[in-house]
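The values are calculated or read from the model by the stated rules, or taken from the named source; none is laboratory data. Values in this document were obtained by computation on a predicted structure and should not be read as measured data. Heavy atoms of the whole protein, side chains included, go into the accessibility calculation; ligands, DNA and RNA do not. Shrake-Rupley method; radii C 1.70, N 1.55, O 1.52, S 1.80 Å.
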Amino acid sequence: MSIQPYESSKGAEEQDMILYQNTITPEEAEKRARDAEELDAKIRDIMENVPDREYFLMGSNAGANSSTFDLYRHSKSREMKRLRAMEEEALAEERNAAFKESMETKNAEEESKTAARRAKRLKQKEKKKQKKKKEAGVENPNTTPEHVEKAQGQHAQKKACVEPELD
């Protein structure tokens, strides 16, 4: 992993040519490349987001004399405004998350109720169909399976008589 001197029994001239032997494995090379990319990204982020210089900083001399009091008051006002905005943003995010969660639970409950009602309606519809079939079978004796087969056979005979055979 580290660079180590290359020990050889060769002459001084050859030893001067080969000073160090690189003992880095391919895995270590990949890791170093990834680390370098991460560091570059961090440095870019710092360069873009961190200001170079802070202006109107108030140190321990905030109340040193009357000329610095207005600067102190304004900087304190800016800082309080920034903190208030951060708190309001955090509160808004919390409320949005709670609202989203409550909506998801309500939607899931409504969906389950709707599915139960749909199943009940379909069940009632099937019962009505079964009841109609049962009543139709009792009132109309022509709908028995034997009668239906007989009627289909007669229909097939009529169809055969009407259609001439083609050669």
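Tabulated results
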{"quantity": "Test set (1) modelled with pLDDT under 95; (2) open to solvent by less than 70 Å² (accessible area, probe 1.4 Å) - T114 fails condition number", "calculated": "(1)"}
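Let's see how each residue does on (1) within 40 Å of the chain's Cα centre (by Cα); (2) of a type in the set (V, I, T); (3) modelled with pLDDT of 85 or more:
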| residue | (1), (2), (3) |
| --- | --- |
| E94 | yes, no, yes |
| M103 | yes, no, yes |
| K123 | yes, no, yes |
| K150 | no, no, no |
| H155 | no, no, no |
| V162 | no, yes, no |
